[in-house]
Structures are given as structure tokens and as C-alpha cells.
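The values are calculated or read from the model by the stated rules, or taken from the named source; none is laboratory data. On a predicted model such as this, the values are computed, not experimentally measured, just so you know. Please note: Cβ atoms are built from the backbone with ideal geometry, for glycine as well, and neighbour counts cover all protein chains shown.
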Amino acid sequence: MGLPTLLCNRKDLVALMRESPFLLHKRSAMDAHAAIRSYTARRCCDGAQSGTRPSKIEGMGELKWACPLCYFILYYRKIHPIYFYYRKILVQEEKIMAVPYNHKAIEAKWRVNWEKNPVNVNDGKKPKYYCLDMFPYPSGNGLHVGHWRGYVISDVWSRYKMLQGYYLIHPMGWDAFGLPAENYAIKMGVHPAISTAENVKNIKKQINDIAAIYDWDMEVNTTDPEFYKWTQWIFVKMFKEGLAYEKEFPINWCPSCKTGLANEEVVNGCCERCGATVTKKNLRQWMLRITKYAERLLNDLDKLDWPEKVKKMQTDWIGKSYGAEVDFKVENSDEAITVYTTRPDTLYGATFMVLAPEHKLAAQLATEENKEAVEKYIYEASMKSNVDRMQDKEKTGVFTGSYAINPLNGAKVPIWLSDYVLADYGTGAIMCVPAHDDRDFEFAKKFDIPIVQVIAKDGKEIENMTEAYTEAAGTMINSGEWNGMESAVLKKEAPHIIEKRGFGKATVNYKLRDWVFSRQRYWGEPIPIVHCPKCGAVAVPEEELPLRLPEVESYQPTGTGESPLAAIDEWVNCKCPECGADAKRETNTMPQWAGSSWYFLRYVDNHNSEALVSREKADKYLPVDMYIGGVEHAVLHLLYSRFYTKFLYDIGAIDFDEPFHKLFNQGMITGKNGIKMSKSKGNVVSPDDLVADYGCDSLRMYELFVGPPELDAEWDDRGIDGVYRFLKRFWTLAVDSIEKDVTASKEMVKLRNKLVYDITQRLESFSLNTVISGFMEYNNKLTELAKKEGGIDKETVETMTVLLSPFAPHIAEELWEKLGHTDSVFHTQWPCADEEAMKDDEIEIPVQINGKTRAVISISAQISKEEAIAAGKNAVADKLTGNIVKEIYVPKKIINIVMK
């Protein structure tokens, strides 16, 4: 192994020699050895790994341990040839980089400058553009590189729009009420007000490290009484409009968080926040009648420039279906059971019906001999979660002993209970057609219930059915007067036939359920309702809002179904606002979604004490033009925000009914092997060290370079080095060119315009990872061109600097200043490509003989057919040995000469 191989790599030693090229001889060999290792973070050579021989350094007065190679090169460097080899490299690099790229100094300088001279100022003349991040929960864990991704994307887009001449509305705030903040406070053993304030302070500092142009004058916090005054005001308005109401029923209950959950907060049977298995609990709840808006929420999705995936998720969640409600009279009773079915055409095949164990008639229908079994089954079902009940496993059930009457043919239909039917979906009862439904078929086979086929392919009945016939189309059989009809036609007509005969009605149904709005927790907005024995539920007068959250000694959840607020007698006991009688306040609080359902409106008028937002500012600055955040909120926050916006539009508070015109969902940054970053898994990557080592600009660009922004990406620290090297190369090219007076060649102008066109196209299509690779590609091309022409012209350097500025704002500002500009780079305009200048003067095309390429020639892009063929023939003249029968020229593609 040669000496140069043993030595530290070239880059590291050059860095060391640059640090102090004239002082190294004063160091001991041991000092030099340590210095090299500080650059390489490893042993500099083999000798250092095995305990090296002591070397007496003159004048040091003590023995120093050193690697022999470092000793010779650094202490006796004046006579060692390897020293001169590396010193030559150092001199060459110093010549190339006259002013080294110092990210720390540059970024510190421009942070101070932006603080004194904000670049985004509303002059009242520019059109607005509102770009918004989904505001964060102020978690105690702080930000990791995954959080940076969405914030960088929104800041890049905001700066791009600013360069297009818009006044940017780009605020930030805190979603600080609710379970995430309260659970963290309980874990840390501090009051949520204290922990939340501290977390906000820490995360705000971290967010500032991103160098995003957030307007902190617009900052909001959902725990601020001046903010939640308007959250309560919206609830009062909904209450007065009949959209907020009380109801007692079995709700989703998280035994860990000790609170009720909305359906949207239950994922695969588990709490969306903590992951605990969700059970059922019978509680009095406040509900919001979101179902009243179901049709508008569905239809208005067509207005939105949102990802199709999100629109489909909301469409499926709303779950509109067409069918019929059919009334089955209970035999020997005045009761009737109403079922909803999307397949009323199969009514003749309904051989049994199933009720949810929670159905109001479930226990009542049990005959004496079946009563004990029915009661036992109802109890066992109450212990299961909805997910357990809906799993694809063997079905359970119990016969009540009672029968209903099929209204079409008068047949007796046994009434069963089964836990696969849920009380809160449809009517809590279903008619079962086992011949045409897999689940019903399995149930019928298990409990020996008759199976009657009513739809058949070509009208031919299947003998001894072994599985349900579930084809959508077929001919009706065993269906009385409907025999011979096509099932697809009858499916549309049957609801109206049923309605005409008086035992049901055509119905549109939705899977969407009203929003469970109560939480049995402390850290949330108090619900502004007073319960009066005489007047019932009464809203707190609007002029008395905000109803402030009181201080409590014990804020931990009780688990009893009551909020900790219930224990504060002096707060709970009050007077009725209507009659003055003794009354009690509502002690449940609002969910964490209450403030986030409308916060985006408040940013533009956050100090208004008279209105949620003035109509003047709402009309001028709203709605949101671009909303950026994770897809996990598709049927929670995004649906609730649309509901709130439509309600506020209906009462005249605003003049638009959709909150977010365009939506972009960024993918998640994961740890190794695609595992989500979390403190518990030990795979969190902090941005702090990366910013210190490589700079904010490098990290911003690498956040985008890791992959398509809409997809998840696995983080790898090593990749940022490539981005950092690109910035250094561009800096060197730009600084070197600025000092020269280079005249733009035609090739340079063409390359400049292609650069503008490609970067703009990729940015507009949100292909942000290819924007970064595009910068690298064009920088390489410009560098090669600079070698030929002695540098790059000033306009090209300016253009590249402006294009780079949304992504790497610090280096762009520094170069813009070096280019002689006194104003910010963000006060210029985004460049436009000249398509004429992009056209190639010459093109390379293959020349073929009988379809085989024999040469490649350069010709004018505007050449005529005759001239092109002549040039091609000339290039392959020595190969034209036969008779030419055809000459083909496909413009700018190929020349083909056909010979015999």
C-alpha cells in the first residue's frame, strides 16, 4: 500500500492545511494527528490503530505519541514529497475558490437582515396568495426532519408565488387544545397550560430554523381565550340553528384517554391518538348535525383542486347510496321493523332478518323460551368493539323466537340478533337475502335458514348452491310478478313500487353520522351551555363569551363519564341566562378539532374583538389558495373544516363555502426500513446537527431531493452531502463569474432559457425532487460551458440565483448582493423562458441504410428535406454500394436510405 493511500483522504487534509498552512510546523505530530482525525472522524492511518512508537518532538519537553506517517508528513513536511503533492492541490483549490462558501456566516447574516427588513410586505397593490400549513400540535418531542418536509414545501411554494408578484399570506399558529397536549402534560406531570406554553416556545424556535417566511404577526393559538371566544360563538350559532343537540347513546369510548371519540377518531377499532382498543359506553353527548350537510359536502368536492385520493376518501366516508326503507310488521304485534336496503329488487329472497343487539326491540322481541339466551348475547356483544364485531370471522347470533312478515309475499321471516349488525348504521336492522350476499349465506348455512335464489344468469336456477350468487346483473326468478325482469332495471324501479304499495319508501342514505362533539376531559374549550331545570339547555349569551376554562387542581380524566370540570362547584353552579333560576354549566369540553375547523379564517384578522373575521378582510384575503399537510386528516380535519365553512357561509359570516381551493398532501419521512420516526423507536433524526454541519439551505433542498414529495421517503443522512457539494460548486461558479465580464454566447442564452423552462415546469407540477436534480444537471452544463468561455454571463448567474432562491434563500440573497443588487432577491420577478431562444440551431440525427444506423451527423434544425438527405448521403457515401430505391427523412428524427 502506497503512502498516499494510507494518508487521510484528499479533502480532509486539504481542509486541515487550509485551516493553518503556515502554523502546522509548530504543532507536535500528535497534535497534527488529532487535528486530522477531527476532520475525518476516524483513524488517519493504520499506524494509529496499533499503538505507535513514541516520537521525541524537539522543544516539547515530553514524549508525544504519533502515527509515524503523520509525523513525517506534518513535522518534516518541508522535505517530504507527499506534503508538496497535497500543498499543490490546496493551491489549486484556493485558486478556484477565491471566496469559500461559508454557510454559517451567510445564513447568520441574512437571518439578521430579514429580521430588520422583512421581504414579504403588503403594499396594498399586489394580489394576495394564501399558502397555509396545517398548524402543529405543540408536542414536547419537538421537530424532526420529517416535520421539516411539509414546512419546506409550503415555504418554497410561498416564495415562488411571491416572486410571481403576489402578497403572501403565510401564517403559523398552534393547535394547542385537546388530547395530544393534555396527554403530554399528564405524562410529564405538569399543568397543560404550562407544558403547552413551553412547547410552543421551543417549537417556534425550531420552526424559525427552517427560515420560512411566516408572518408571526398573524399567529393564533387555540388556547387563547380571545381565539376560543369565537370557537364558542360558532357553537352557540349552531345551537340556535338546531345543528347542535344533546343525545344519550352508546359512543366510542377510549379507556386509556378516558373520553368519548367521534367515529372519525377510531382507526381499525383503536383510538386514533393513543392506539388503545375502543369500547362502547352509554353517555349523554353533544352532537353536531353534520349529516344535514352531507349532500353539499359530497357534491362540492367537484369544485376542489384536491388529490383524487382525498376526494375519494371523503366520498366513501359520506357514503351516499340509493335504495328503499322497507317496513316488516312483527307477527302478532303492533310493532314494525324498518330496514334500509340498496337491493330492494331481492325482497322475495329475504328469508330472515337480523337486528343489532342494541336495537330498541332486541330484548322485547325475545320469547319466553329464548329470553335468557337473548339477554346473554346482548351483554356479550356490548363487551366487543365495533372492529371485533365486523371482522371476517365466523358469525354468531341468537334467534329471538319472533317473526316478521315479508310485505311482498306474506312469508314468515325469523328475527335474529347478531353482532355484525351495528346500531348506528342504517336503522340497526337488515333484511337478509342469503342467496345473494356472502355474509348472509354464511349465516344461513350455519343456522340452517332457507336460501331462496331470486336472481339467475339467463334465468337458470342453481341447484344446491355452495356459495352466494353475487353477480350484479341477471334475470329475476322466484319473485312473483317480477319474474323475467332484468335485476338492474328492477333495482331502480323497486323503491318506487314499494312506496306505491305503502310498505316503504324510496330513500337516499348516507354512511356519515352526526359528529360526537363532547369530550370528558379538562383541556378543551368549555361548551357554552347552561342546563336549567325550567328552560332546559340554554346558550351562554354571546356578549358573555368567552366562557373561560377555569383553573383546576386535578385535571386528570376521571373515567366516570364526567369531565374534571364537574368537580368545580363554584364554576358549575350558575344562574339561567333566560329565567334567572339556579342552573348548572355544561362540564364536557369540545374536541381538539373545534378550533382547527376554522382557525384558517382567524389568521387574517387575529386581533378583531368584534367579529370572528371582518367581512372586509374575509372578502380580500380568503379563502386559502394552497393548503399543505398530511393525508391522515382526510376525513377528520378536512371534512370538519368544510362543514364549518359551509355553516359560516349560510349565516352570512363569510362569502365562500369551501375553505381550501387547492390541497397538497406531502408524504412521510420515515426512518430505516420505512418505519415511522418516533422517540420510542429511537429513530428520530434531529435537524439541528445537520443545519450546523451543512446549513439550512442544504437541508431544505435535501428534504425535497429525497423523493417525490407526495410519497413517503426513507431518510438517509449521507444524501445531504451531495446537495451541499452542489451548493459549493454553484457558489464557486457564480462568484468566479461575477468577477469577470463574460459576454453571453448563443449557446449560453439557449441553456439559460432551457433552465428557466425546465425548473418552472417541474415546480408547477410539484415535482420538487426533480427540480433539485435539475439544478444539479444545469449547474454541470454551465460549469462545462464556463470552461470553454471563461465564465458565465451575469444574466445567467442572476437567473440561476433567482430560480434557486425559493429553495436556498440564504445563498441566493448573498449572491444577489454580490451581483450588485441593493434590494432582496425576493423583490425581483420569476424569470420567463424565451421559447425561440431555446430552439436548437443544430441537431444530431442518425443516418440509416436499410434501417441500420451507419452514421450520426449534425445538421441545421431548420434544414430542408432535400438538404438533409444530401447531407446524410454524403456522410455514408462509401457505404452506398447498391441502387437507391427510397430516401426517407423524418424531420429532426432520422434519415433512412433504402437500397437494393
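Of note:
- Candidates 91, 99, 112, filtered to the one that is of a type in the set (Val, Ile, Thr) and modelled with pLDDT of 90 or more: 112
- Selection count, segment 201-235, where residues are hydrophobic (A, V, I, L, M, F, W, C), modelled with pLDDT of 95 or more, under 18 Å from residue 181 (Cβ atoms) and touching a Pro at 6+ places or on another chain (Cβ under 8 Å): 1
- Filter result (farther than 27 Å from residue 183 by Cα and β-branched (Val, Ile, Thr)) within segment 110-159: 112, 119, 121, 152, 153, 156
- Within segment 406-443, tally of residues that are within 19 Å of residue 480 (Cα to Cα) and of a type in the set (Val, Ile, Thr): 2
- Subset of segment 308-336 (residues that are under 25 Å from residue 664 (Cα atoms) and surrounded by fewer than 16 Cβ atoms within 10 Å (Cβ to Cβ)): 308, 309, 312, 315, 316, 319
- Within segment 531-544, the presence of at least one residue that is under 30 Å from residue 426 (Cα atoms) and assigned by TED's automatic domain parsing to the domain that holds residue 298 is confirmed.
- Whichever residue in segment 508-529 is surrounded by fewer than 18 Cβ atoms within 10 Å (Cβ to Cβ) and of a type outside the set (Lys, Arg) and, among such residues, is nearest to residue 575 (Cα to Cα): 510
- Scanning segment 275-316 for residues that are closer than 30 Å to residue 529 by Cα and among the aromatic types (Phe, Trp, Tyr) yields 286, 293.
- For first residues located in segment 748-775 and outside the structural domain of residue 805 (by TED's automatic domain parsing), partners that are modelled with pLDDT of 95 or more and of a type in the set (D, E, K, R) and lie 6+ apart or on another chain with Cβ distances below 8 Å do not occur.
- Considering residues of segment 774-810 that are touching a helix residue (DSSP H, G or I) at 6+ places or on another chain (Cβ under 7 Å) and of a type in the set (S, T, N, Q) only, the residue nearest to residue 110 (Cα to Cα): 805
- Residue within segment 325-344 that is assigned to a helix (DSSP H, G or I), modelled with pLDDT of 95 or more and more than 27 Å from residue 270 (Cβ to Cβ) present: yes
- Among the candidates 874, 896, residue that is in a helix (DSSP H, G or I) and more than 30 Å from residue 101 (Cα to Cα): 874
- In segment 174-227, the residue that is farthest from the chain's Cα centre (by Cα) out of those that are buried (at least 22 other Cβ atoms within 10 Å of the Cβ) and acidic (Asp, Glu) is 182.
- The residue that is surrounded by the fewest Cβ atoms within 10 Å (Cβ to Cβ), among those in segment 257-288 that are hydrophobic (A, V, I, L, M, F, W, C) and closer than 14 Å to residue 635 by Cβ, is 267.
- Any hit, segment 128-138, residues being over 28 Å from residue 766 (Cβ atoms), touching a Ser or Thr at 6+ places or on another chain (Cβ under 8 Å), of a type outside the set (Ser, Thr, Tyr) and in a loop (DSSP other than H, G, I, E, B): yes
- Each residue in segment 437-475 was checked for being in contact with a strand residue (DSSP E or B) (Cβ under 8 Å, 6 or more places away or on another chain), within 14 Å of residue 351 (Cβ to Cβ) and part of a helix (DSSP H, G or I), and 4 pass.
- Residue 861 being loosely packed, with under 15 Cβ neighbours inside 10 Å and modelled with pLDDT under 95: yes
- Within segment 600-652, the residues that satisfy the criterion of being more than 20 Å from the chain's Cα centre (by Cα), in a helix (DSSP H, G or I) and of a type in the set (Asp, Glu) are 605, 616, 619, 650.
- Subset of segment 272-295 that is in a strand (DSSP E or B) and of a type in the set (Ser, Thr, Tyr) - its residue that is nearest to residue 183 (Cα to Cα): 277
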